Amino acid sequence: MRLKILAPNLVFTRGLTLGQTWLRFHMEKNILRAHLRQKREAFQPAQNAEKSKKIAKVFLKLKEITDARSILFYVSRAEEVDTHRLIGACLQNGKKVFVPKVFGDNLKLFPLEDFGDLEMGKFGILEPNGGRESMRKKFDVIVVPGLGFNHAGHRIGHGGGYYDKLLKRISGYKIGLAFSEQFTDEFVNEEHDVPVNLIVTENFIHNPI
């Protein structure tokens, strides 16, 4: 299935206003989100576990990770690349680990010392159940989720804008984790998008062009 997403700053359809063009762009982007979500959720748990295991093996050997002292992780859901084992390994190796928690339309960041300190939160994602919010603005590594990633390192998320806003106010070496089926050039970036520095899948590592 091939879905071509319009670039809002390049493609205009004859007879449509700018507002209508933007509406069409976002409608098509939502179609792609649904398509990527469907592809990801089609995997069996055993497939996800095996793919995530391969990704973890590569991820933990990256120089950026072995050298890192502070890492911001997303806490994965069942259908995502598993970060639980990555978080556990980094905690065991003495690294400072941080994870997000949803507050309204934004993400706040909290230090994590034990995986048991997480509880089920909004959107069915494990979140910190207490502690003091971190005001840190710079991390050695930021691990970024996404429904899809393209060759330029841009991501397409679920549409809530949480990571778009977060990545504008913090800095660090950004690593996107994805299954190879999530790697696609069927979308273009918008002005507010922040690209990742590296994408790791079970089959390859990609340095964005």
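Residues whose amide H falls under 5 Å from that of G172, counting only those 5 or more places apart or on a different chain, are F139, with hydrogens built in the peptide plane. Put simply, the amide H of F98, placed in the peptide plane, has neighbours under 5 Å in I71, L72, F73, L112, leaving out anything fewer than 5 places away on its chain. Looking at region 84-177, the GluC sites (Glu not before Pro) that sit in a DSSP loop and have at most 16 other Cβ atoms within 10 Å of their own Cβ are E113, E133.
Between T83 and S76, the built amide H atoms are under 5 Å apart, and every one of these is 5 or more places off in sequence or on another chain. Listed by chain and number, the aspartates and glutamates placed with their C-alpha closer than 16 angstrom to that of K96 are E64, D67, E113, D114, D117, E133, D140; residues fewer than eight positions away on the same chain are left out.
Once C-alpha pairs closer than 8 Å and six or more residues apart are averaged by separation and normalised to the residue number of region 23-147, the relative contact order reads 25 percent. Pairs of C-alpha atoms in region 18-206 farther apart than 21 Å represent 50 percent of all such pairs.
Restricting the trypsin sites (Lys or Arg not before Pro) of region 39-129 to loop positions (DSSP other than H, G, I, E, B) with no more than 10 neighbouring Cβ atoms within 10 Å leaves K61, R69.
Just so you know, all these numbers are worked out from the coordinates, no wet-lab data involved. A quick note: this is a predicted structure, and the numbers were derived from the prediction, not measured. Neighbour counts run over all protein chains shown; Cβ positions are idealised from the backbone, glycine included.
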